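The values are calculated or read from the model by the stated rules, or taken from the named source; none is laboratory data. Note that this is a predicted model, so its numbers are computed, not measured. Neighbour counts are summed over all protein chains in view; Cβ atoms, including those assigned to glycine, are modelled from backbone coordinates with ideal geometry. Surface accessibility is based on the protein's heavy atoms, side chains included, excluding ligands, DNA and RNA. Shrake-Rupley method; radii C 1.70, N 1.55, O 1.52, S 1.80 Å.
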Amino acid sequence: MNGGEDEPLVLGIETSCDETGVGIVRGTTLLADEVASSVEEHAQFGGVVPEVASRAHLTALVPVVRRALGRAGVSPGDIDAVAVTAGPGLAGALLVGVAAAKAYALAWDRPLFGVNHLAAHVAVDRLEHGRLPEPAIALLVSGGHSSLLRVDDLTSDVVPLGATIDDAAGEAFDKVARLLGLPFPGGPHIDERARHGDPAAIAFPRGLSSPRDVERHRYDFSFSGLKTAVARWVEACERNGRAVPVDDVSASFQEAVVDVLTRKALAACTSEGIGTLVIGGGVAANSRLRTMAQRRCDDAGVALRVPRPGLCTDNGAMVAALGAAVVEAGLPPSPLDLPADSGLAVDIVIVRG
Ligand code: KG4
Ligand code: ZN
């Protein structure tokens, strides 16, 4: 296929957290990626408030679908399939997207695919770098999840190698930002402040990296000890009447997270004998993660694929990208009584009902 009319035209809907995203793709070509975010409504609470997110999805969804159709220059009759995030995510927020997707699929008489949000974070890379070479190792790092996956087939064979045993990587960024007095969501702010700081200023702990931990948790992550270490360090600083060096703390914290993420991802590539690493999820937008991953992949002879930052955070294009891969693979659609599953397991790529 070559990006032509014979490729499936898929509309994807994403409502698992605080972004109402609608994307339209043809095969691996991005035609529209429209997002309405309720992040400002949550900022005052320092985290996403589920009920507020659900209500925002309700008002945003139909206008965002219209905008995406307009941007792509297609009409509903052109759409071949509707894909929607069926999980994991906030239950009420997911329900809005799933209910809307069912309504569009029924009204347009097109197949419906309920897909996994995490696999969609991996699939979005197709829109930038083409179809994913398989097998690949995927590092998925977002506000709610941190996983290392072996991807033998993006649409049907995704095996978890490890995951966080406590906080997700993005959650750690958000919590540390909060204790440094930076706005929510904290990841981009830490990224920015770290540019002016010294990553070696403070030796923060690398979670689950000691030889004993690696025996039991080779591909697992832990960020809660790191978060506590930062909190204690900042408290000690304040107790001693010293100004907190926010740039240095940001840089040193970020270095600890990124060091562990890239080290474990490369270890998985090497021991599984796999030559492609793809990184997805909101934290994949982090500039230091991108630089260190590139350096370590180059050293190990591994090809690195990371989508551009705008495609790393939640959006509808990623859902449409996975939907198109599923249609291309000829897999059967989800039933119209498709449930939303807030705890959907990472290895279930398409929900069958
Ligand atoms: O994938 P995503 O948009 O939503 C979830 O599925 O959770 O990820 C959001 C997370 C937030 O925790 C945010 O702080 C983090 O991604 N994030 C970043 C950066 N941009 C977003 N973390 C570190 N550096 C960034 N540049
Ligand atoms: Zn996400």
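Points to keep in mind about this one:
- Scope region 257-281; condition part of a helix (DSSP H, G or I) and either in contact with a strand residue (DSSP E or B) (Cβ under 7 Å, 6 or more places away or on another chain) or closer than 16 Å to Glu128 by Cα (or both); matching residues: Val260, Leu261, Lys264, Ala265, Ala268, Cys269, Glu272
- Extreme residue, farthest from ligand 2 (Cβ to nearest atom), among residues of region 297-310 that are in a helix (DSSP H, G or I), out of contact with any helix residue (DSSP H, G or I) (no Cβ under 6 Å at 6 or more places or on another chain) and more than 17 Å from Val39 (Cβ to Cβ): Asp299
- Scanning region 183-232 for residues that are within 15 Å of ligand 1 (Cβ to nearest atom), open to solvent by less than 50 Å² (accessible area, probe 1.4 Å) and farther than 18 Å from Leu289 by Cβ turns up Phe184, Ser224.
Yes/no matrix, rows are residues, columns are (1) more than 14 Å from ligand 2 (Cβ to nearest atom); (2) at pLDDT below 95; (3) acidic (Asp, Glu); (4) over 17 Å from the mean Cα position of the chain (by Cα):
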residue: Leu106; (1), (2), (3), (4): yes, no, no, yes
residue: Asp109; (1), (2), (3), (4): yes, no, yes, yes
residue: Val122; (1), (2), (3), (4): no, no, no, no
residue: Gly130; (1), (2), (3), (4): yes, no, no, yes
residue: Pro133; (1), (2), (3), (4): yes, no, no, yes
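- Single match in Asp198, Asp174, Asp152 (criterion: within 17 Å of the chain's Cα centre (by Cα) and acidic (Asp, Glu)): Asp174
- Filter result (more than 15 Å from ligand 2 (Cβ to nearest atom) and polar (S, T, N, Q)) within region 269-296: Thr270, Ser271, Thr276, Ser287, Thr291, Gln294
- Annotation note: of Leu289, Leu322, the sole residue that is hydrophobic (A, V, I, L, M, F, W, C), in a helix (DSSP H, G or I), in contact (Cβ under 8 Å) with a residue 60 or more places away in the chain and within 12 Å of ligand 1 (Cβ to nearest atom) is Leu289.
- Just one of the listed residues (Val158, Val151, Val141, Val176) is crowded, with 17+ Cβ neighbours inside 10 Å, among the β-branched types (Val, Ile, Thr) and over 24 Å from Val302 (Cβ atoms), namely Val176.
- Among the residues making up region 68-107, those that are in a loop (DSSP other than H, G, I, E, B) and open to solvent by less than 10 Å² (accessible area, probe 1.4 Å) are Ile79, Pro88.
- Members of region 282-299 that are in contact with a strand residue (DSSP E or B) (Cβ under 9 Å, 6 or more places away or on another chain), aliphatic (A, V, I, L, M) and under 11 Å from Leu266 (Cβ atoms): Ala293
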